[in-house]
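J.: Take a look at this one; I'll ask things after.
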2 protein chains.
Amino acid sequence: MITPILPIIHGRQEHESGGYRRETIDLEFSNGERRKYERISSRGHGAVMIAAIPEPGTILLIREYAAGVHRYELGLPKGRLDAGETVLDAANRELKEETGFGARKLTHLRSITLAPGYMTHEIQLVLAEDLYPERLAGDEPEELEVIPWKLDALHELVLREDCSEGRSLAGMFIVREVLAQR
Amino acid sequence: MITPILPIIHGRQEHESGGYRRETIDLEFSNGERRKYERISSRGHGAVMIAAIPEPGTILLIREYAAGVHRYELGLPKGRLDAGETVLDAANRELKEETGFGARKLTHLRSITLAPGYMTHEIQLVLAEDLYPERLAGDEPEELEVIPWKLDALHELVLREDCSEGRSLAGMFIVREVLAQR
């Protein structure tokens, strides 16, 4: 593979609109081509997604109402960081709120982007192991169903309409690969 | 698994802001809890992501500048539908523009959502097989690097910083599972 040369950013212009921070960047590509790109900046302190392993070969899914598509969706627990909170602390808090388990072992695996072509949004994928029962009250309108799923049965999810989120599906497969490489 | 009862939508309020269509929905959950959720509606005619198989066991990746994270990203070819275009026609057009191949066999696999909790956005995953060389001019500022990747080497991508998009990673693993089940 060649090593691509990043475009030069000649200018940036920020504009607030509709609760979003947008930025127009003036780019010059290495071939001399000049373009303006618009991107949306994320707000808040970041976000975290948790792959919790209750026993070897199993991952915890939750089923939660998803307003964007108006259906219940199977996926990994996730949430936003509070101000001053670390990624691992946020992961453990969200895990306790959404599944009723805490984790003694938390490992940051990677950042996953939402739509890197035009959004800055990232979510941090955290592997949670050595679980113990502990529930924290969250802001969910109803208790979430927690579903342990076998990692060797992920193929049963890949064409399920109610398991549709790219980040969640990616997270499950990433963790399966990471655990297989141990 | 239990079959969850969808919340009742008591009202919707649309508001345009900052080029986005947002909707506030007034929900009543099956336990009587009442909440207002805000969601962002996608624009345009839809989007498509292509998993192209140039030979058995191999998938075509592209490397493209991603303005949201200001780096070159490895991922699947994708793009937006033009007005009046079908999903499969858009998939073949984008494939020709971004990789220089067309496909004689195109199969719609599923919809993948972006952030279903608060966005309506979906992208259609299309499997492209029986490829032949054909290039169409796209609107890219520079020619994209096309990288054939072995499906049994996806584990080498799962912790790469420059292969970060949830939908792309999900698409690769979904296609590997679908092909393995044939």
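The values are calculated or read from the model by the stated rules, or taken from the named source; none is laboratory data. Since the structure is predicted, the reported quantities are computational estimates derived from the model, not experimental observations. Don't worry about glycine lacking a Cβ; one is built from the backbone with ideal geometry, like all the others, and counts go over all protein chains shown. Note: accessible area is taken over every heavy atom of the protein model, side chains too, but ligands, DNA and RNA are not part of it. Shrake-Rupley method; radii C 1.70, N 1.55, O 1.52, S 1.80 Å.
J.: Scan the stretch B:36-51 for residues that are in contact with a Phe, Trp or Tyr (Cβ under 9 Å, 6 or more places away or on another chain) and either open to solvent by 80 Å² or more (accessible area, probe 1.4 Å) or more than 30 Å from B:Leu125 (Cβ to Cβ) (or both) and report the count.
T.: Adding up the residues that qualify gives 2.
J.: Scan the stretch A:113-129 residue by residue and report those that are open to solvent by less than 10 Å² (accessible area, probe 1.4 Å), assigned to a loop (DSSP other than H, G, I, E, B) and not small (Gly, Ala, Ser).
T.: Correct list: A:Leu114, A:Pro116.
J.: So, one more: Among the numbered conditions (1) open to solvent by 50 Å² or more (accessible area, probe 1.4 Å); (2) in contact (Cβ under 8 Å) with a residue 40 or more places away in the chain, tell me where A:Asp162 comes up short.
T.: (1)
Residue-wise test of (1) within 18 Å of A:Glu143 (Cα to Cα); (2) more than 9 Å from chain B (Cβ to nearest Cβ); (3) among the aliphatic types (A, V, I, L, M); (4) exposed (fewer than 15 other Cβ atoms within 10 Å of the Cβ).
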| residue | (1), (2), (3), (4) |
| --- | --- |
| A:Pro4 | no, no, no, no |
| A:Gln13 | no, yes, no, yes |
| A:Ile25 | no, no, yes, no |
| A:Arg34 | no, no, no, yes |
| A:Ile53 | no, yes, yes, no |
| A:Arg63 | yes, no, no, no |
| A:Lys96 | yes, yes, no, no |
| A:Thr99 | yes, yes, no, no |
| A:Leu109 | no, no, yes, no |
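Rundown of residues vs (1) in contact with an Asp or Glu (Cβ under 8 Å, 6 or more places away or on another chain); (2) facing chain A (nearest Cβ under 9 Å), yes/no style:
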position	(1), (2)
B:Pro7	yes, yes
B:Glu28	no, no
B:Leu76	no, no
B:Gly79	yes, no
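J.: Step by step: first the residues of the stretch B:149-159, then only those that are open to solvent by 40 Å² or more (accessible area, probe 1.4 Å) and out of contact with any Asp or Glu (no Cβ under 8 Å at 6 or more places or on another chain), then the one that is farthest from the other protein chains (Cβ to nearest Cβ). Which residue is that?
T.: Among those residues, the one meeting the criterion is B:Lys150.
J.: A further question on this structure: Residues to consider are A:Glu140, A:Glu97; find the one that is in contact with a strand residue (DSSP E or B) (Cβ under 8 Å, 6 or more places away or on another chain) and part of a loop (DSSP other than H, G, I, E, B).
T.: The conditions single out A:Glu140.
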